[in-house]
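Below: one structure, written as C-alpha coordinates.
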Amino acid sequence: MTLVLGIETSCDETSAAVLEGHGSAARVRSNIILSQDVHRVFGGVVPELASRAHLTAIVPVVGRALDEASVSLGDIDTIAVTHAPGLVGALLVGLCYAKALAFGAGKRIFGVHHMEGHLFATSLEHPDAVPPFTALLVSGGHTLLIDCPRWGHYHLLGATRDDAAGEAFDKVAKLLGLPYPGGRPIEQLAASGDPTRFRFPRPMLRRNQTRADADYYDVSFSGLKTAVLLAVRASPDMDADRAHLARAFQDALIETLAEKTARAAREFKRQRIVLGGGVACNRALTAAIVERVAALGAVVYAPSPRLATDNAAMIARAGLFHAGHDAAHSWNLNAYATLPIPGLAT
Ligand code: KG4
Ligand code: ZN
(Lines give C-alpha, C1' and ligand atoms only; values in the text may rest on other atoms or scores of the structure.)
(Ligands and ions follow the chains in the order given, each with its own letter.)
Protein backbone atom coordinates (compact mmCIF):
# COMPACT_ATOMS: atom_id res chain seq x y z
CA MET A 1 0.00 0.00 0.00
CA THR A 2 1.21 3.52 -0.86
CA LEU A 3 -0.19 6.61 0.85
CA VAL A 4 0.02 9.81 -1.18
CA LEU A 5 -0.68 13.29 0.17
CA GLY A 6 -1.86 15.54 -2.67
CA ILE A 7 -1.78 19.35 -2.55
CA GLU A 8 -3.45 21.68 -5.09
CA THR A 9 -3.29 25.50 -5.06
CA SER A 10 -3.04 26.43 -8.76
CA CYS A 11 -6.06 28.74 -8.87
CA ASP A 12 -8.79 29.59 -6.37
CA GLU A 13 -9.27 26.29 -4.55
CA THR A 14 -7.04 25.28 -1.64
CA SER A 15 -7.18 21.49 -1.59
CA ALA A 16 -5.43 18.57 0.09
CA ALA A 17 -6.18 14.85 -0.20
CA VAL A 18 -4.93 11.50 1.00
CA LEU A 19 -4.99 8.66 -1.53
CA GLU A 20 -4.38 5.01 -0.81
CA GLY A 21 -2.78 3.19 -3.75
CA HIS A 22 -2.64 -0.57 -4.30
CA GLY A 23 -0.78 -1.21 -7.57
CA SER A 24 -2.86 0.50 -10.24
CA ALA A 25 -5.94 0.77 -7.97
CA ALA A 26 -6.54 3.80 -5.78
CA ARG A 27 -8.97 4.81 -3.05
CA VAL A 28 -9.61 8.38 -1.92
CA ARG A 29 -9.33 8.51 1.89
CA SER A 30 -9.94 12.27 2.09
CA ASN A 31 -10.36 15.17 -0.34
CA ILE A 32 -10.71 18.58 1.34
CA ILE A 33 -11.56 21.48 -0.99
CA LEU A 34 -11.79 25.07 0.24
CA SER A 35 -13.16 27.38 -2.48
CA GLN A 36 -12.11 31.00 -2.14
CA ASP A 37 -15.16 33.24 -2.01
CA VAL A 38 -13.14 36.46 -2.07
CA HIS A 39 -13.10 36.66 -5.90
CA ARG A 40 -16.86 36.62 -6.42
CA VAL A 41 -17.37 40.38 -6.13
CA PHE A 42 -14.64 40.96 -8.75
CA GLY A 43 -16.23 38.60 -11.30
CA GLY A 44 -12.97 36.68 -11.77
CA VAL A 45 -9.94 35.39 -9.88
CA VAL A 46 -7.63 38.12 -8.49
CA PRO A 47 -4.17 36.46 -8.39
CA GLU A 48 -2.74 38.30 -5.37
CA LEU A 49 -5.88 37.66 -3.31
CA ALA A 50 -5.72 33.98 -4.31
CA SER A 51 -2.12 33.66 -3.04
CA ARG A 52 -2.99 35.30 0.28
CA ALA A 53 -6.06 33.11 0.77
CA HIS A 54 -3.98 29.97 0.04
CA LEU A 55 -1.45 31.11 2.67
CA THR A 56 -4.05 31.25 5.43
CA ALA A 57 -5.81 28.04 4.34
CA ILE A 58 -3.01 25.64 3.43
CA VAL A 59 -2.01 24.50 6.94
CA PRO A 60 -5.53 23.75 8.23
CA VAL A 61 -6.63 22.19 4.91
CA VAL A 62 -3.68 19.76 4.89
CA GLY A 63 -4.27 19.07 8.60
CA ARG A 64 -7.91 18.20 7.92
CA ALA A 65 -7.04 15.96 4.99
CA LEU A 66 -4.69 13.94 7.22
CA ASP A 67 -7.24 13.85 10.09
CA GLU A 68 -10.13 12.73 7.86
CA ALA A 69 -7.96 9.97 6.41
CA SER A 70 -6.96 8.94 9.97
CA VAL A 71 -3.26 9.18 9.15
CA SER A 72 -0.34 11.28 10.34
CA LEU A 73 2.35 12.84 8.18
CA GLY A 74 4.67 10.02 9.24
CA ASP A 75 2.38 7.45 7.53
CA ILE A 76 2.57 9.26 4.16
CA ASP A 77 4.95 7.76 1.55
CA THR A 78 4.85 10.42 -1.16
CA ILE A 79 3.80 14.06 -1.47
CA ALA A 80 2.33 15.11 -4.84
CA VAL A 81 1.86 18.81 -5.47
CA THR A 82 0.61 20.83 -8.44
CA HIS A 83 3.58 22.83 -9.75
CA ALA A 84 2.17 23.93 -13.15
CA PRO A 85 0.28 25.42 -14.88
CA GLY A 86 -1.58 28.12 -12.97
CA LEU A 87 -1.11 31.38 -11.12
CA VAL A 88 2.54 31.36 -10.08
CA GLY A 89 1.95 33.05 -6.71
CA ALA A 90 -0.83 30.60 -5.90
CA LEU A 91 1.20 27.57 -7.07
CA LEU A 92 4.19 28.67 -4.97
CA VAL A 93 2.18 28.55 -1.75
CA GLY A 94 1.30 24.87 -2.23
CA LEU A 95 4.69 23.99 -3.67
CA CYS A 96 6.75 25.64 -0.90
CA TYR A 97 4.56 24.11 1.79
CA ALA A 98 4.78 20.67 0.16
CA LYS A 99 8.56 20.95 -0.14
CA ALA A 100 8.90 22.01 3.50
CA LEU A 101 6.70 19.09 4.64
CA ALA A 102 8.61 16.61 2.46
CA PHE A 103 12.02 17.92 3.52
CA GLY A 104 11.12 17.98 7.21
CA ALA A 105 9.50 14.55 7.26
CA GLY A 106 11.91 12.87 4.81
CA LYS A 107 9.32 12.14 2.10
CA ARG A 108 9.64 11.94 -1.69
CA ILE A 109 8.08 14.80 -3.63
CA PHE A 110 6.50 14.74 -7.11
CA GLY A 111 5.47 17.87 -8.98
CA VAL A 112 2.24 17.19 -10.88
CA HIS A 113 0.93 18.96 -13.98
CA HIS A 114 -2.57 20.23 -13.14
CA MET A 115 -4.07 19.04 -16.45
CA GLU A 116 -2.62 15.56 -16.02
CA GLY A 117 -4.46 15.59 -12.69
CA HIS A 118 -7.73 16.35 -14.51
CA LEU A 119 -6.98 13.41 -16.86
CA PHE A 120 -6.68 11.03 -13.91
CA ALA A 121 -9.66 12.42 -11.93
CA THR A 122 -12.41 10.41 -13.62
CA SER A 123 -10.65 7.09 -12.99
CA LEU A 124 -11.04 7.69 -9.24
CA GLU A 125 -14.77 6.92 -9.49
CA HIS A 126 -14.93 5.03 -12.80
CA PRO A 127 -12.36 2.20 -12.75
CA ASP A 128 -12.87 1.72 -16.52
CA ALA A 129 -11.92 5.32 -17.35
CA VAL A 130 -8.38 4.21 -18.12
CA PRO A 131 -6.33 4.21 -21.36
CA PRO A 132 -6.66 3.80 -24.23
CA PHE A 133 -9.12 6.71 -24.47
CA THR A 134 -10.00 10.00 -26.11
CA ALA A 135 -9.95 12.82 -23.55
CA LEU A 136 -11.66 16.17 -23.61
CA LEU A 137 -10.36 18.46 -20.86
CA VAL A 138 -12.46 21.58 -20.46
CA SER A 139 -11.66 23.92 -17.59
CA GLY A 140 -11.53 27.63 -16.87
CA GLY A 141 -8.02 27.93 -18.25
CA HIS A 142 -7.68 25.09 -20.78
CA THR A 143 -9.47 23.24 -23.56
CA LEU A 144 -7.51 20.20 -24.71
CA LEU A 145 -8.47 17.29 -26.96
CA ILE A 146 -6.07 14.44 -26.30
CA ASP A 147 -5.59 10.87 -27.46
CA CYS A 148 -4.18 8.75 -24.65
CA PRO A 149 -2.90 5.27 -25.64
CA ARG A 150 -1.53 4.70 -22.08
CA TRP A 151 -0.92 6.70 -18.91
CA GLY A 152 2.03 9.04 -19.34
CA HIS A 153 1.69 9.14 -23.16
CA TYR A 154 -0.51 11.91 -24.49
CA HIS A 155 -1.06 12.98 -28.06
CA LEU A 156 -2.37 16.54 -28.28
CA LEU A 157 -4.91 16.68 -31.12
CA GLY A 158 -6.48 20.06 -30.61
CA ALA A 159 -6.76 23.02 -28.27
CA THR A 160 -8.44 26.37 -28.11
CA ARG A 161 -6.96 29.14 -30.22
CA ASP A 162 -8.20 31.79 -27.77
CA ASP A 163 -10.61 31.44 -24.83
CA ALA A 164 -10.94 28.20 -22.86
CA ALA A 165 -14.43 26.65 -22.74
CA GLY A 166 -14.92 27.60 -19.06
CA GLU A 167 -13.62 31.09 -19.71
CA ALA A 168 -16.21 31.45 -22.49
CA PHE A 169 -18.97 30.37 -20.08
CA ASP A 170 -17.71 32.86 -17.47
CA LYS A 171 -17.42 35.78 -19.92
CA VAL A 172 -20.81 35.13 -21.52
CA ALA A 173 -22.36 34.84 -18.05
CA LYS A 174 -21.04 38.33 -17.33
CA LEU A 175 -22.57 39.63 -20.58
CA LEU A 176 -25.91 38.10 -19.56
CA GLY A 177 -25.71 39.58 -16.06
CA LEU A 178 -25.21 36.20 -14.35
CA PRO A 179 -22.89 35.55 -11.37
CA TYR A 180 -19.30 34.22 -11.48
CA PRO A 181 -18.35 31.44 -12.11
CA GLY A 182 -20.84 31.37 -14.94
CA GLY A 183 -20.94 27.76 -16.14
CA ARG A 184 -23.62 26.49 -13.79
CA PRO A 185 -25.89 29.56 -14.01
CA ILE A 186 -25.78 29.39 -17.82
CA GLU A 187 -26.55 25.67 -17.83
CA GLN A 188 -29.52 26.20 -15.49
CA LEU A 189 -30.89 29.14 -17.48
CA ALA A 190 -30.32 27.44 -20.85
CA ALA A 191 -32.57 24.56 -19.75
CA SER A 192 -35.58 26.89 -20.06
CA GLY A 193 -34.33 28.60 -23.24
CA ASP A 194 -35.90 28.09 -26.66
CA PRO A 195 -33.19 26.62 -28.95
CA THR A 196 -34.81 28.12 -32.06
CA ARG A 197 -34.94 31.78 -30.96
CA PHE A 198 -31.26 32.56 -31.62
CA ARG A 199 -28.56 30.70 -33.53
CA PHE A 200 -24.85 31.44 -33.21
CA PRO A 201 -22.14 30.21 -35.59
CA ARG A 202 -20.35 26.96 -34.67
CA PRO A 203 -16.73 28.14 -34.47
CA MET A 204 -14.21 26.22 -36.59
CA LEU A 205 -16.80 23.59 -37.45
CA ARG A 206 -17.54 22.85 -41.07
CA ARG A 207 -18.93 19.64 -42.46
CA ASN A 208 -16.32 19.50 -45.25
CA GLN A 209 -13.29 19.75 -42.93
CA THR A 210 -10.64 17.08 -43.35
CA ARG A 211 -7.78 15.89 -41.17
CA ALA A 212 -5.41 17.97 -43.29
CA ASP A 213 -7.16 21.18 -42.15
CA ALA A 214 -5.34 22.97 -39.33
CA ASP A 215 -8.64 23.60 -37.53
CA TYR A 216 -9.98 20.04 -37.80
CA TYR A 217 -9.49 19.49 -34.05
CA ASP A 218 -8.85 23.03 -32.73
CA VAL A 219 -11.62 25.16 -31.26
CA SER A 220 -12.11 28.90 -30.80
CA PHE A 221 -14.65 30.66 -28.63
CA SER A 222 -13.86 34.36 -28.75
CA GLY A 223 -15.91 34.95 -31.92
CA LEU A 224 -18.85 33.17 -30.31
CA LYS A 225 -18.50 35.46 -27.29
CA THR A 226 -18.58 38.51 -29.60
CA ALA A 227 -21.69 37.12 -31.33
CA VAL A 228 -23.39 36.92 -27.93
CA LEU A 229 -22.27 40.47 -27.10
CA LEU A 230 -23.80 41.80 -30.34
CA ALA A 231 -27.04 39.91 -29.69
CA VAL A 232 -27.20 41.31 -26.14
CA ARG A 233 -26.71 44.85 -27.49
CA ALA A 234 -29.43 44.31 -30.10
CA SER A 235 -31.92 42.83 -27.65
CA PRO A 236 -34.87 45.10 -26.88
CA ASP A 237 -35.76 43.05 -23.78
CA MET A 238 -32.95 41.15 -22.06
CA ASP A 239 -35.26 39.77 -19.37
CA ALA A 240 -37.21 38.00 -22.12
CA ASP A 241 -34.16 36.97 -24.17
CA ARG A 242 -31.64 35.97 -21.48
CA ALA A 243 -32.54 32.28 -21.30
CA HIS A 244 -32.76 31.94 -25.11
CA LEU A 245 -29.32 33.57 -25.51
CA ALA A 246 -27.84 31.28 -22.86
CA ARG A 247 -29.31 28.30 -24.71
CA ALA A 248 -28.02 29.41 -28.12
CA PHE A 249 -24.52 30.04 -26.73
CA GLN A 250 -24.39 26.70 -24.92
CA ASP A 251 -25.70 24.81 -27.96
CA ALA A 252 -23.02 26.34 -30.24
CA LEU A 253 -20.18 25.64 -27.82
CA ILE A 254 -21.36 22.10 -27.08
CA GLU A 255 -21.89 21.12 -30.71
CA THR A 256 -18.33 22.20 -31.52
CA LEU A 257 -16.78 20.25 -28.64
CA ALA A 258 -18.95 17.17 -29.15
CA GLU A 259 -18.23 16.93 -32.88
CA LYS A 260 -14.47 17.32 -32.45
CA THR A 261 -14.41 14.76 -29.63
CA ALA A 262 -16.35 12.29 -31.80
CA ARG A 263 -13.91 12.88 -34.69
CA ALA A 264 -10.98 11.99 -32.42
CA ALA A 265 -12.66 8.84 -31.10
CA ARG A 266 -13.42 7.77 -34.68
CA GLU A 267 -9.91 8.40 -36.01
CA PHE A 268 -8.16 6.54 -33.18
CA LYS A 269 -10.91 3.90 -32.82
CA ARG A 270 -11.30 4.57 -29.09
CA GLN A 271 -14.12 2.90 -27.19
CA ARG A 272 -13.76 5.20 -24.17
CA ILE A 273 -14.17 8.94 -23.91
CA VAL A 274 -12.94 10.55 -20.68
CA LEU A 275 -14.09 14.05 -19.76
CA GLY A 276 -12.41 16.29 -17.21
CA GLY A 277 -12.31 19.86 -15.91
CA GLY A 278 -15.06 22.08 -14.51
CA VAL A 279 -17.06 22.30 -17.76
CA ALA A 280 -17.41 18.49 -17.65
CA CYS A 281 -20.04 19.19 -14.94
CA ASN A 282 -22.31 20.34 -17.78
CA ARG A 283 -24.95 17.65 -18.35
CA ALA A 284 -25.91 18.96 -21.78
CA LEU A 285 -22.27 18.62 -22.91
CA THR A 286 -22.05 15.05 -21.66
CA ALA A 287 -25.38 14.14 -23.27
CA ALA A 288 -24.30 15.61 -26.62
CA ILE A 289 -21.06 13.62 -26.60
CA VAL A 290 -22.87 10.40 -25.60
CA GLU A 291 -25.24 10.90 -28.52
CA ARG A 292 -22.45 11.53 -31.04
CA VAL A 293 -20.28 8.57 -30.10
CA ALA A 294 -23.14 6.08 -29.67
CA ALA A 295 -22.72 4.83 -33.23
CA LEU A 296 -19.06 4.00 -32.44
CA GLY A 297 -20.13 1.93 -29.45
CA ALA A 298 -18.00 4.18 -27.24
CA VAL A 299 -18.69 4.81 -23.54
CA VAL A 300 -18.41 8.33 -22.08
CA TYR A 301 -17.01 8.76 -18.57
CA ALA A 302 -17.61 12.09 -16.82
CA PRO A 303 -16.46 12.83 -13.28
CA SER A 304 -18.88 13.98 -10.59
CA PRO A 305 -18.69 17.75 -9.93
CA ARG A 306 -16.40 17.34 -6.92
CA LEU A 307 -13.78 15.54 -9.03
CA ALA A 308 -14.41 17.55 -12.22
CA THR A 309 -13.49 20.86 -10.61
CA ASP A 310 -10.13 21.51 -8.99
CA ASN A 311 -9.25 19.08 -6.21
CA ALA A 312 -6.16 17.47 -4.69
CA ALA A 313 -7.34 13.84 -5.02
CA MET A 314 -6.68 13.99 -8.77
CA ILE A 315 -3.22 15.45 -8.12
CA ALA A 316 -2.48 12.63 -5.67
CA ARG A 317 -3.68 10.10 -8.30
CA ALA A 318 -1.35 11.46 -10.99
CA GLY A 319 1.42 11.58 -8.36
CA LEU A 320 0.78 7.91 -7.50
CA PHE A 321 1.31 7.00 -11.16
CA HIS A 322 4.59 8.93 -11.38
CA ALA A 323 5.79 7.56 -8.04
CA GLY A 324 5.52 4.09 -9.56
CA HIS A 325 7.31 5.00 -12.80
CA ASP A 326 9.71 7.91 -12.31
CA ALA A 327 12.38 9.23 -9.97
CA ALA A 328 11.21 11.78 -7.40
CA HIS A 329 11.78 15.48 -8.07
CA SER A 330 14.65 17.33 -6.42
CA TRP A 331 14.30 20.30 -4.06
CA ASN A 332 14.83 22.52 -7.13
CA LEU A 333 11.26 21.75 -8.25
CA ASN A 334 9.75 25.07 -9.35
CA ALA A 335 6.34 26.54 -10.22
CA TYR A 336 5.46 27.52 -13.80
CA ALA A 337 2.52 29.51 -15.18
CA THR A 338 2.62 27.42 -18.37
CA LEU A 339 4.22 24.06 -19.07
CA PRO A 340 3.39 21.20 -21.48
CA ILE A 341 1.96 18.05 -19.88
CA PRO A 342 4.84 15.59 -19.36
CA GLY A 343 4.69 12.91 -22.05
CA LEU A 344 2.79 15.17 -24.44
CA ALA A 345 3.46 14.84 -28.16
CA THR A 346 1.88 17.23 -30.65
O1 KG4 B 1 -11.48 22.84 -13.71
P2 KG4 B 1 -11.99 24.05 -13.01
O3 KG4 B 1 -12.61 23.88 -11.64
O4 KG4 B 1 -10.88 25.11 -12.81
C5 KG4 B 1 -9.83 25.33 -13.69
O6 KG4 B 1 -8.84 24.55 -13.67
O7 KG4 B 1 -9.97 26.30 -14.45
O8 KG4 B 1 -13.04 24.73 -14.00
C9 KG4 B 1 -13.74 25.90 -13.66
C10 KG4 B 1 -14.64 26.27 -14.84
C11 KG4 B 1 -15.31 27.63 -14.70
O12 KG4 B 1 -15.04 28.37 -15.87
C13 KG4 B 1 -16.79 27.30 -14.57
O14 KG4 B 1 -17.65 28.27 -15.12
C15 KG4 B 1 -16.88 25.99 -15.34
O16 KG4 B 1 -15.69 25.30 -14.98
N17 KG4 B 1 -18.08 25.21 -14.98
C18 KG4 B 1 -19.06 24.89 -15.85
C19 KG4 B 1 -20.04 24.19 -15.11
N20 KG4 B 1 -19.62 24.08 -13.82
C21 KG4 B 1 -18.40 24.70 -13.76
N22 KG4 B 1 -19.20 25.17 -17.16
C23 KG4 B 1 -20.32 24.73 -17.77
N24 KG4 B 1 -21.31 24.07 -17.14
C25 KG4 B 1 -21.23 23.78 -15.82
N26 KG4 B 1 -22.22 23.12 -15.20
ZN1 ZN C 1 -8.47 22.77 -13.19
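The values are calculated or read from the model by the stated rules, or taken from the named source; none is laboratory data. Because the structure is predicted, anything quoted here is derived from the model rather than measured. All Cβ positions, glycine included, derive from the backbone under ideal geometry; neighbour counts span all protein chains shown. Side chains are part of the model used for accessible areas, which takes the heavy atoms of the whole protein and leaves out ligands, DNA and RNA. Shrake-Rupley method; radii C 1.70, N 1.55, O 1.52, S 1.80 Å.
Observations
- Of the residues Ser222, Ser30, Ser35, the one with the largest accessible area comes first in the ranking Ser35, Ser222, Ser30, computed with a 1.4 Å probe on protein heavy atoms.
- Within the accessible surface of segment 129-302, defined with a 1.4 Å probe on protein heavy atoms only, the carbon and sulfur portion equals 53 percent.
- 17 Å reach of a label modelled at Arg150, 7 Å along Cα-to-Cβ, counting backbone N of segment 303-319: none
- Prolate is the label for segment 129-302, because a/c, from the alpha-carbon gyration tensor with a ≥ b ≥ c as root eigenvalues, is 1.5 or above and a/b exceeds b/c.
- Angstrom value of the Kirkwood radius, inverse mean 1/r, which spans all Cα pairs in the chain: 20.5
- Cα gyration tensor shape of segment 1-152, rounded if a/c is under 1.5, else prolate or oblate by comparing a/b with b/c: oblate
- What separates the Cα centres of segment 47-77 and segment 87-109 is a distance of 11 Å.
- Per-residue SASA entry for Lys225, accessible area with 1.4 Å probe, Å² rounded to 10: 50
- Accessible surface ranking for Thr143, Thr2, Thr210, 1.4 angstrom probe, highest first: Thr210, Thr2, Thr143.
- Per residue, the accessible area of segment 174-328 comes to 45 Å², computed with a 1.4 Å probe over protein heavy atoms only.
- Full-extension gain in nm, Thr210 to Asp128, via 0.36 nm per residue minus C-alpha separation: 26.4 nm
- With all protein chains in place and ligands, DNA and RNA left out, the 1.4 Å accessible area ranks Met314, Met238 as Met238, Met314, largest first.
- Choice from Leu124, Leu229, Leu253 with maximal GNM fluctuation in the chain (Cα, 10 Å cutoff): Leu229
- Using a simple spin-label model with pseudo-atoms 7 Å out from Cα toward Cβ, Ser192 and Asp37 lie 2.6 nm apart.
- Kirkwood Rh, Cα atoms: Rg over Rh of segment 100-210: 1.08
- In this structure Leu205 has an accessible area near 20 Å², from a 1.4 Å probe over the protein heavy atoms.
- Restricting the calculation to alpha carbons of segment 8-90 gives Rg and Dmax of 14.1, 45 angstrom.
- Relative contact order (%) - the chain, alpha-carbon pairs under 8 angstrom, separation at least six: 25
- Whether segment 179-242 is rounded, prolate or oblate, judged on the alpha carbon gyration tensor where a/c under 1.5 counts as rounded: prolate
- When the chymotrypsin sites (Phe, Trp or Tyr not before Pro) in segment 252-346 are filtered for DSSP coil states and for at most 16 other beta-carbon atoms within 10 Å of their beta-carbon, the remaining sites are Trp331, Tyr336.
- Nonlocal Lys pairs with alpha-carbon distance under 29 Å, the chain (8 or more apart, or different chains): 7
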